[in-house]
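The values are calculated or read from the model by the stated rules, or taken from the named source; none is laboratory data. This one's a predicted model, so the numbers in the text were calculated from it and none came from an experiment. Neighbour counts run over all protein chains shown; Cβ positions are idealised from the backbone, glycine included.
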Amino acid sequence: MCPRLKRWIRNSFQVYVDTYDPNNKTHYYRYEYEETWEIAVPYPSVYEVVNNEMVLRSENVHHCWKTVKSTDILIVNNEKMESDIIRKFPVHFVPVKGSQLSIRYSILVKQYAMSREAYTFWDQLKISNQQQGGLFDVQPMQTISNIYSSNNQGSPVIGFFEATSVTRERIFLTRSDVPREIRVETEFDNCSKKYHIIPLNDFDISRYRGYCIVNYDSDIYTMSGMGVIFDFKCCDCTVSGSNIRPDFW
C-alpha cells in the first residue's frame, strides 16, 4: 500500500491509495485513517485563577495535537480485474479551511485485506448507513453476520469476525505544501475580536471569572494592562487537543 497526494482539488488535498497484490489473491480491501495535526493558539494563557488568585500555569497550553479517527466505511474491490491492483482510491480530503494545514498535518492510513464474505458485510452495512428514509431508498436488508448471541442464537447480531492482514502507511503535510496564493483559514481567525487588554488599575480578578487570563500586555490605548479573552479555545489548546507530543511527531 502506498498513500499518495493528488494536488489540488477544490482547495484541498486528496489523499488516495495505490496498492498491489503480486499473488493476485486479495481483491477486497477496507480502509481506515487517523488524522493528527498540530495546534498553536494565538493567545496562549500564562496565568490561571486558583482560589481567586492569579498563578502561573504549570503546563504548556500553547501547542497541542489533535487526533481524529475516520468514521466512514471505505471499501473497494477489483474482483473483475485480471490483476489485483487498486489505483487512486480516494480516502480523505484535507481541507484548507480549518486548522489541519496551519502548521503540520499527518494521516495514518490502515489497509485491511478481506475475504469476499467480509466485504459483503461491510458493503451491506454501508448501504444501510446511507439510507435516508426517502420513498425511493433501497429497502432495509438483513446484514450478513458470522457473530451470534450466546444467550439467544436466533437474535440477529450486527458484526463480522475475521482475522486479516493490516498494512499501515503514514504521510505528512505542512503549511509550505499549500500553494502560496491560497490562504489557510483556521478556527482561530476570529480570536483577535475576542481579545481585550484591561488596564491594570481596572483589572479585578473577581470581575473576570470565566475569562482566560492571557498575560501582561499593552497597545496604543493601554500602556500597562492584562490581556483577557472569553473564548478558551483561543488561549488554551487543551480545549481542542492534547499537549502531549505524539511519538511519531
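Inspection of the stretch 159-169 finds no residue satisfying the criterion of being surrounded by fewer than 11 Cβ atoms within 10 Å (Cβ to Cβ), within 30 Å of residue 53 (Cα to Cα) and either at pLDDT 90 or above or in contact with a strand residue (DSSP E or B) (Cβ under 9 Å, 6 or more places away or on another chain) (or both).
If you go through the stretch 200-249, how many residues are closer than 22 Å to residue 189 by Cβ, out of contact with any helix residue (DSSP H, G or I) (no Cβ under 8 Å at 6 or more places or on another chain) and aromatic (Phe, Trp, Tyr)? The qualifying residues number 1. Do we find a residue being in contact with a helix residue (DSSP H, G or I) (Cβ under 9 Å, 6 or more places away or on another chain) and in contact (Cβ under 8 Å) with a residue 24 or more places away in the chain anywhere in the stretch 115-128? No. For residue 172, the stated conditions do not hold, so it cannot be described as within 30 Å of residue 97 (Cα to Cα), exposed (fewer than 15 other Cβ atoms within 10 Å of the Cβ), touching a residue at least 24 places away in the same chain (Cβ under 8 Å) and over 22 Å from the mean Cα position of the chain (by Cα).
In summary, residue 102 fulfils each of the numbered conditions (1) at pLDDT 90 or above; (2) in a strand (DSSP E or B) with the single exception of condition (2). Screening the stretch 210-238 for residues that are free of Cβ contacts under 8 Å to residues at least 60 places away in the same chain and of a type in the set (Val, Ile, Thr) and picking the one that is farthest from residue 46 (Cα to Cα) gives 220. Within the stretch 26-85, the set of residues being assigned to a loop (DSSP other than H, G, I, E, B), among the aliphatic types (A, V, I, L, M) and buried (at least 20 other Cβ atoms within 10 Å of the Cβ) comprises just one member, 41. Condition check: surrounded by 10 or more Cβ atoms within 10 Å (Cβ to Cβ), modelled with pLDDT of 90 or more, not in a loop (DSSP other than H, G, I, E, B) and not hydrophobic (A, V, I, L, M, F, W, C). Does residue 215 satisfy that? Yes; evaluated as a whole, the condition is true for this residue.
Annotation note: Cβ proximity below 8 Å between a residue of the stretch 86-106 that is on the phi > 0 side of the Ramachandran plot and a residue that is surrounded by 15 or more Cβ atoms within 10 Å (Cβ to Cβ) and part of a loop (DSSP other than H, G, I, E, B) (sequence gap 6+ or interchain) occurs for 98/185; 98/186; 98/187. The numbered conditions (1) more than 22 Å from the chain's Cα centre (by Cα); (2) at negative phi are all true for residue 41 except (1). Among the residues of the stretch 219-249, those identified as surrounded by 13 or more Cβ atoms within 10 Å (Cβ to Cβ), more than 30 Å from residue 35 (Cα to Cα) and not β-branched (Val, Ile, Thr) are 225, 226, 227.
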